[in-house]
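Taking it in order: structure first as structure tokens, then the write-up.
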Amino acid sequence: MGALILILPVLAVDVWLLATTGKKQFNIWKQARAWTRLAGAAVLGAALGVWLGSFVEYKWGAEIRVAGFPIPVCFFHLENGEWVDFPLPSAMIFLGFIANFLSGLVVPLIPFKAAEFLRSVKAEL
């Protein structure tokens, strides 16, 4: 259950970005009939989401590897020259994969959120 401390904030940020910037950008592209941009962002986000949730592995040290980004869903430890996995409980793996997938889905929206932030700061100056 301690994994929820990592998973819930990441899920909250991902849902927030999709509900604010994602919805706004979707409406802009829909009004401009820019279906290729919308499809491109959706395909790129889905591909990144699957890649982050399923294929990303990185090292935390000489004897520890982790699968999944930004939420680790499986840990590997080097014992006697062989990698031994220590997966999380299945519910945490599922929630971690969902969080990783949503993180990949919102990556194409980050430049739009940065532009929105810069516009609001510029308006205040």
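Which loop trypsin sites (Lys or Arg not before Pro) in region 1-44, with loop taken from DSSP, have no more than 14 other Cβ atoms within 10 angstrom of their Cβ?
Passing sites in region 1-44 are ARG33.
Compute the helix-to-body angle for 35-54: its Cα long axis versus the longest principal axis of the chain, expressed 0 to 90° and rounded to tens.
For helix 35-54, the angle is close to 20 degrees.
Which label marks the calculated value of semi-axes √(5λ) of the Cα gyration tensor in Å, given the options (1) 34, 16, 13; (2) 29, 15, 11; (3) 33, 19, 10?
It is the value labelled (1).
Rank these for me by crowding, VAL66, VAL43, going from fewest to most other beta carbons within 10 Å.
Least to most surrounded, the residues fall as VAL43, VAL66.
Relative to the present Cα-Cα distance, how much length would full extension add between ALA34 and GLU79 at 0.36 nm per residue of separation? Provide the component values of the computation, followed by the final result.
Numbers: separation 45, 0.36 × 45 = 16.20 nm, distance 5.29 nm.
My answer for the length gained is 10.9 nm.
Please sort by residue number the trypsin sites (Lys or Arg not before Pro) in region 54-125 whose DSSP state is loop and whose Cβ has at most 13 other Cβ atoms within 10 Å.
none
For region 57-125, how big is Rg over Rh, using alpha carbon atoms and the Kirkwood form of Rh?
So for region 57-125, dividing Rg by the Kirkwood Rh gives 1.25.
What percentage of all Cα-Cα pairs in region 29-92 are separated by more than 15 Å?
In whole percent, the share of Cα-Cα pairs in region 29-92 beyond 15 Å is 63.
So which GluC sites (Glu not before Pro) in region 55-125 pass both tests, a DSSP loop state and at most 15 other Cβ atoms within 10 Å of the Cβ?
Of the GluC sites (Glu not before Pro), the ones in loops of region 55-125 whose Cβ has at most 15 other Cβ atoms within 10 Å are GLU63.
Compute the long axis of helix 4-17 from its Cα atoms, compare it with the longest principal axis of the Cα atoms of the chain, and write down the angle in degrees, 0 to 90, nearest 10.
With rounding to tens, the tilt is 20 degrees.
In degrees from 0 to 90, rounded to the nearest 10, what is the angle of the helix 110-124 Cα long axis to the longest principal axis of the chain?
50 degrees
For LYS23, list the lysines whose Cα falls under 19 Å from its own Cα; do not include residues on the same chain fewer than 8 positions away.
LYS113
For region 3-40 and region 82-125, what is the centre-to-centre distance using only Cα atoms, to the nearest Å?
Distance between centres, Cα-based: 10 Å.
Within the chain, what's the longest run with no chymotrypsin sites (Phe, Trp or Tyr not before Pro) in a DSSP loop and at most 14 other beta-carbon atoms within 10 Å? Give the range, please.
Longest stretch, sites excluded: 61-125.
A short reminder: the numbers here are calculations on the coordinates, not readings from a lab. Everything quoted here is computed from the prediction, not taken from an experiment. With ideal geometry, Cβ positions are generated from the backbone for all residues, glycine too; neighbour counts draw on all protein chains shown.
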